[in-house]
Amino acid sequence: MSFIHLLITLFIWCLVIQALLSWFPSSPNSTGLNAFKSALNSITAPVLNPIRRTIPPVRFGAVGVDLSLLIAVFGLQLINSFI
C-alpha cells in the first residue's frame, strides 16, 4: 500500500467518524468531544463544502439528507482504485 493510498484511506475514515459523531448532540460540557468534532470538520471541510455547494440536500418530507459524504467517499474510493 502506497503512502497516497494510506492518506486516502485515513481521510475516508475521518469522513465516516465525522458522520457517526454528527448523530450525537454536542453539549457545552463535552469540551473534548467538541474539540474532536471541530478538528474533524477542519480536516474534511475542504472536500465536503464544494460538494455541498454543488449538490443540495435531498428532501424526504421534512428531513433533508446530505449526500456530500457519500459522494466524497465514492469519489475517493474511485481515485484510490486508479492510483
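Listed values, structure above:
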quantity	calculated
SER26, sole failed condition from (1) touching a Lys or Arg at 6+ places or on another chain (Cβ under 8 Å); (2) part of a helix (DSSP H, G or I)	(2)
Residue match in the stretch 44-55 (condition: in contact with a helix residue (DSSP H, G or I) (Cβ under 7 Å, 6 or more places away or on another chain) and over 24 Å from ILE83 (Cα atoms))	yes
Residue list for the stretch 43-83, filter: small (Gly, Ala, Ser), more than 17 Å from ILE12 (Cβ to Cβ) and either surrounded by fewer than 10 Cβ atoms within 10 Å (Cβ to Cβ) or in contact (Cβ under 8 Å) with a residue 12 or more places away in the chain (or both)	GLY61, ALA62
Which numbered condition ASN29 fails, given (1) exposed (fewer than 10 other Cβ atoms within 10 Å of the Cβ); (2) touching a residue at least 12 places away in the same chain (Cβ under 8 Å)	(2)
Which numbered condition ILE43 misses (of (1) at pLDDT below 90; (2) assigned to a helix (DSSP H, G or I))	(1)
Members of the stretch 24-50 that are within 21 Å of PHE74 (Cβ to Cβ) and either under 11 Å from the mean Cα position of the chain (by Cα) or aromatic (Phe, Trp, Tyr) (or both)	LEU40, ASN41, ILE43, THR44, ALA45, PRO46, VAL47, LEU48, ASN49
Qualifying residue in the stretch 62-76 (condition: in a helix (DSSP H, G or I), out of contact with any Ser or Thr (no Cβ under 8 Å at 6 or more places or on another chain) and farther than 19 Å from GLN18 by Cα)	no
Options LEU15, LEU6; residue that is assigned to a helix (DSSP H, G or I), of a type in the set (A, V, I, L, M), modelled with pLDDT of 90 or more and touching a Ser or Thr at 6+ places or on another chain (Cβ under 8 Å)	LEU15
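The values are calculated or read from the model by the stated rules, or taken from the named source; none is laboratory data. All values derive from a computational prediction rather than experimental measurement. Don't worry about glycine lacking a Cβ; one is built from the backbone with ideal geometry, like all the others, and counts go over all protein chains shown.
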